[in-house]
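J.: Structure in structure tokens, see below.
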Amino acid sequence: MKEIYLAGGCFWGMQAYFDLKDGIINTVVGYANGRTQNPTYQEVCTDTTGHAETLFIQYDENIISLDKILSYFWKVIDPTSLNKQGGDMGSQYRTGIYYVDESDLNTIKASVDKEQNNYNEIIVTEIESLKYFYPAEEYHQKYLQKNPNGYCHIDLNI
Ligand code: MHO
């Protein structure tokens with residue numbers, strides 16, 4: 001079992017999207033790589049905590065590779081958009097790839113380089129080691145399963 005953390009805008013859409021993919025064993029939405037401890041959603045929404053809405057993914061690498069996960073990630077984000085995805089704006093909606101395994105870095109960098117060929121503008125997706133991750137409130141977990149008609153900034157079927 002391996003782990004990766006992805007920020008791709010509103011986290012409940014990211015969760016609903018990746019939960020549909022084979023090999024994704026477990027996901028948790030939360031707040032990553034900010035400056036405050038145990039942030040609440042309300043605090044993160046003030047754009048002062050530095051946290052990014054992030055999806056924690058545990059995956060079975062025998063079924064899905066990190067490269068494949070990243071190719072799905074690129075499909076649903078605009079990596080050239082700074083602090084904005086879909087209708088949502090603010091630094092919590094920046095895109096990011098936060099790794100826990102240093103040896104994933106080559107795969108991540110190669111994936112970014114490949115994706116850059118699809119854009120004239122520079123990819124601004126952050127690539128950092130994971131520093132903090134605080135799981136979000138329970139009502140945010142599997143939000144779109146609980147609220148099937150809820151807001152979603154991405155197409156879940158691609
Ligand atoms: N525009 C959405 C974003 C939610 S997502 C968890 C809302 O305010 O409901 O950031």
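Nothing in this text is a laboratory measurement; each read-out follows from the coordinates by a stated rule. This one's a predicted model, so the numbers in the text were calculated from it and none came from an experiment. When we count neighbours, we look across all protein chains shown, and the Cβ atoms used for this are built from the backbone with ideal geometry, even at glycine.
J.: Among bridges DSSP assigns within the stretch 9-158, what percent are antiparallel (round to 5)?
T.: Values: 13 of 17 bridges.
So the antiparallel bridges amount to about 75 percent of the total.
J.: What is the sum of charges around Gln37, taking Lys and Arg as +1, Asp and Glu as -1, for the other residues whose C-beta is under 13 Å from the C-beta of Gln37? Present the calculation step by step, with values, prior to reporting the outcome.
T.: Details: positive: Arg35, Lys131; negative: Glu43.
Residues close to Gln37 contribute a combined charge of +1.
J.: Please report, to one decimal in angstroms, the Kirkwood hydrodynamic radius of the chain built from all distinct Cα-Cα pairs.
T.: Working: mean 1/r = 0.0644 Å⁻¹.
With all distinct Cα pairs of the chain included, I get 15.5 Å.
J.: Just to confirm a number: summing +1 for Lys and Arg and -1 for Asp and Glu over residues other than Ala110 whose beta-carbon lies under 11 angstrom from that of Ala110, what do you get? Don't skip to the answer; put the middle values down first.
T.: Working: positive: Lys109, Lys114; negative: Asp67, Asp104, Asp113, Glu115.
Overall, the nearby charge balance is -2.
J.: Work out the length of the dipole vector of the chain about its Cα centre, built from +1 on the beta-carbon of each Lys and Arg and -1 on the beta-carbon of each Asp and Glu, and round it to the nearest 20 debye.
T.: It works out to roughly 180 debye.
J.: Right, something else. Modelling each spin label as a point 7 Å along the Cα-to-Cβ direction, I'd like the Asn120/Gln58 distance in nm, to one decimal.
T.: Going from the Asn120 label point to the Gln58 one covers 4.5 nm.
J.: Within the stretch 108-150, list the trypsin sites (Lys or Arg not before Pro) lying in a DSSP loop whose Cβ has at most 13 other Cβ atoms in a 10 Å radius. Working shown, then result.
T.: Numbers: sites: Lys109, Lys114, Lys131, Lys142, Lys146; in loops: Lys131, Lys142.
Here the trypsin sites (Lys or Arg not before Pro) that fit, given the DSSP loop and packing criteria, are Lys131.
J.: Count neighbours as other Cβ atoms within 10 Å of each site's Cβ, and list the GluC sites (Glu not before Pro) in the stretch 78-158 that are DSSP loop with at most 15 such neighbours. Walk me through the numbers before you get to the answer.
T.: Details: sites: Glu102, Glu115, Glu121, Glu126, Glu128, Glu137, Glu138; in loops: Glu121, Glu137.
Those that pass, being in a loop and sparsely packed, are Glu121, Glu137.
J.: Another question, then. How many nm separate the modelled label positions at Arg35 and Leu156, each set 7 Å beyond the Cα in the direction of the Cβ?
T.: Going by the 7 Å Cα→Cβ label model, 3.6 nm.
J.: Next question, about the same structure. Per DSSP helix of 4 or more residues, -39500 (n - 2.57); summed, then divided by the residues of the chain. What does that give at 222 nm, rounded to the nearest 500?
T.: Values: 5 runs with 40 residues, N = 158.
Calculated mean residue ellipticity at 222 nm is -7000 deg cm²/dmol.
J.: Once both labels are modelled 7 Å past Cα along the beta-carbon direction, what's the Lys84-Thr48 spacing in nm?
T.: The two pseudo-label positions are separated by 2.4 nm.
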